[in-house]
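Below is one structure, written out as structure tokens; comments come after it.
What follows is calculated from the coordinates using simple rules that are stated; it is not laboratory data. Everything numeric in this text was worked out from a predicted model, so none of it was measured. FYI the Cβ positions are ideal-geometry reconstructions off the backbone, even for glycines, and counts take in every protein chain you see.
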Amino acid sequence: MFCVTSMEQPIQFSFKVKDEEFEELSNQPGFIPAPYMARAKWVMVTEPNKLSKKQLESYIANSYEMVKAKLTKKQKIDLGI
């Protein structure tokens with residue numbers, strides 16, 4: 001799991017960020033520490049219009065890479081990555 005989103009309005013989503021980005025993003029308007037996942041450095045975007053499409057794509061891609069890097073070799077093979 002590298003990104004979680006709501007299925008209903010208001011649209012909100014959470015993703016993992018780098019340790020050094022966590023505090024900065026968590027304190028910006030439109031962001032909060034992700035419930036239940038903040039200890040793992042996840043943020044929740046409560047106001048999606050605060051991010052450009054390019055920023056959002058970058059954060060989600062970085063989240064994917066960080067989560068993928070922690071998978072075991074067997075998990076990567078099972079997932080085909």
Provide the per-residue ³J(HN,Hα) series for the stretch 65-72, in order, calculated from phi with Karplus coefficients 6.51, -1.76, 1.60 and θ = phi - 60°, each as a whole number of Hz, with x at glycine and proline positions.
5, 5, 5, 4, 5, 8, 6, 6
Which residues among the stretch 14-57 fall inside the zone where the amide N is under 12 Å from a point 7 Å beyond the Cα of Lys70, along Cα→Cβ?
16-19, 37-43
Straight-line reach from Lys54: which lysines have a Cα under 18 Å away, not including same-chain ones fewer than 8 places off?
Lys16, Lys18
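At 222 nm, what value in deg cm²/dmol follows for the chain if DSSP H runs of at least 4 each add -39500 (n - 2.57) and the sum is divided by all its residues, to the nearest 500? Could the numbers behind the result be given before it?
Working: 3 runs with 32 residues, N = 81.
Per the formula, -12000 deg cm²/dmol.
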Sorted peptide list for 28-40, 48-60, 11-23, criterion being average Cβ within 10 angstrom, highest first:
11-23, 28-40, 48-60
Residues of type lysines that Lys76 reaches as a straight line, Cα spacing below 18 Å, ignoring anything fewer than 8 places off in the same chain
Lys68
